[in-house]
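A quick write-up on the structure given underneath.
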Amino acid sequence: MTMIVTGGAGFIGSNFVYYMLDRYPDDKIICVDCLTYAGNLSTLKKALKNPNFKFYKTDICDRKAVNEIFEKEKPDAVVNFAAESHVDRSIENPEIFLKTNILGTQVMMDACRKYGNIRYHQVSTDEVYGDLPLDRPDLFFTEETPIHTSSPYSSSKAGADLLVLAYHRTYGLPVTISRCSNNYGPYHFPEKLIPLMIANALVDKPLPVYGKGENVRDWLYVEDHCKAIDLIVRKGRIGEVYNVGGHNELANIDIVKLICKELDKPESLITYVADRKGHDMRYAIDPSKIHNELGWLPETKFQDGIKKTIQWYLDNKEWWQEIINGEYQNYYAKMYGQR
Ligand code: NAD
Ligand code: DAU
């Protein structure tokens, strides 16, 4: 099989590229990524040595360039990870989120239609369901939970999801959608909670916790997400949405305290800062559908995954230090300077 993977130079996309090259040594992986601030070619260093891997520095909104790649590579399937992915940035500047996340999705699906009704998978998020209250631990997001978004980011992802389902119903495009909870693991960009706290703690910088730190996220090790997507692409029912998550809910403050403990750093580094606007309270996935239909279950327990992840950041300081020594400093000053 030849598969186009967009956004493969980012966090989850790169983990997926490595997972697929390892698992299917005869398949071809074609990565399409325009290398925004979040994309990093050094992440794909090992993959670039593999003759079954090819990289195109291309914007998914660039219809002409995307069509040329389809003509040349003749893909059997497309998995679309490419997106603007950070909620805080979407609050500062929504426009690029609408462009990449919605229009980029349209361009990719149009190419799938044009070149032979190609199998299309959309990597979406649990954030399209909005949030759940902290005092109702019995509630979970199912695939039937209404779309009810909070941020420009989640709204753009929801817009894309609706378009994907519309392309299935209107044009018969063979699509699937996965809506996953928060991922963690190697190559996670240090603007997100876990890698940011690790990077700051290692140099004794304040650990900026939004609000009271009581917001809950449902954390999944990135490789378990990659396995779920692979299963859905191969065995999922066409036109269906699959929620992905491992019943692993943790309050932000508990994660930050755990990182302090693992790195032997004092909790006095924790600094409570102004809350995120429109901050979602709790995410929690009900993964029954993917479990019952496709037999998927998460394999990495959080206590092991977080240790592996911290160790990865200790072993790969060059990767993230290069990021935080660049343009990231302006981002950090803008987002956290006056907070
Ligand atoms: P990321 O920000 O780390 O990576 C995004 C990648 O997409 C980067 O390599 C970037 O260069 C590329 N990209 C951005 N705009 C592009 C464009 N116009 N054309 C081509 N490439 C472009 O994101 P991530 O955290 O790896 O998330 C990947 C996908 O998974 C996103 O669609 C996101 O919504 C979804 N998702 C993420 C999580 C999570 O916890 N990180 C959870 C569920 C779903
Ligand atoms: O649920 C899936 C989503 O998870 C994905 O769709 C998004 O692409 C991904 O970025 C992630 O969104 P979150 O907003 O949940 O992740 P983030 O790491 O930005 O924040 C996690 C929690 O930590 C959230 O409640 C905000 C809080 N936080 C975050 C940062 C960066 C802090 O308290 N301090 C911080 O400095």
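Every number in this text was worked out from the coordinates using simple rules, so none of it is lab data. In this text, all values refer to a predicted model and were calculated from it rather than measured experimentally. Note: ideal-geometry Cβ built from the backbone for every residue, glycine included; neighbour counts use all protein chains shown.
Quick notes on this structure:
- Approximating the spin labels as points 7 Å out from Cα along Cα→Cβ, the residue 292-to-residue 93 distance works out to 4.5 nm.
- Cα centroid of region 288-339 to Cα centroid of region 59-73, whole Å: 30 Å
- Taken about its Cα centre, the chain carries a charge dipole of roughly 680 debye when the Cβ of each Lys and Arg holds +1 and the Cβ of each Asp and Glu holds -1.
- As a proxy for reagent exposure, 288, 156, 181 were ordered by neighbouring Cβ count within 10 angstrom, fewest first; the result is 288, 181, 156.
- For 233, 244, order by how many other beta-carbon atoms lie within 10 Å, fewest first: 233, 244
- Take every DSSP beta bridge whose two residues both sit in the chain; close to 10 percent of them are antiparallel.
- Projected label distance in nm at residue 212 and residue 76, using a 7 Å step from Cα toward the beta-carbon: 5.3 nm
- Dimensions (Å) - the chain, Cα atoms, principal axes, largest first: 58, 44, 37
- Placing a label point 7 Å from the Cα of residue 1 along the Cα-to-Cβ line, the residues of region 206-236 whose backbone N sits under 15 Å from it are 226-236.
- Values of log10 I(q)/I(0) for region 1-72 across q = 0.24 Å⁻¹ run -1.08, by the Debye formula with one identical scatterer at each alpha carbon and no solvent.
- Only aspartates and glutamates eight or more places from residue 49 in sequence, or on another chain, were considered; those with a Cα closer than 14 Å are 22.
- Length available on full extension from residue 41 to residue 273: 0.36 nm per residue minus the Cα-Cα distance, which gives 80.2 nm.
- Low-density loop cleavage sites - GluC sites (Glu not before Pro) in region 100-175, where at most 14 other Cβ are within 10 Å (DSSP): 144
- Efficiency of FRET from Cβ geometry, residue 67 and residue 238, R₀ 25 Å, rounded to 0.05: 0.60
- Rg followed by Dmax, in Å, when region 118-218 is reduced to its Cα trace: 17.0, 55
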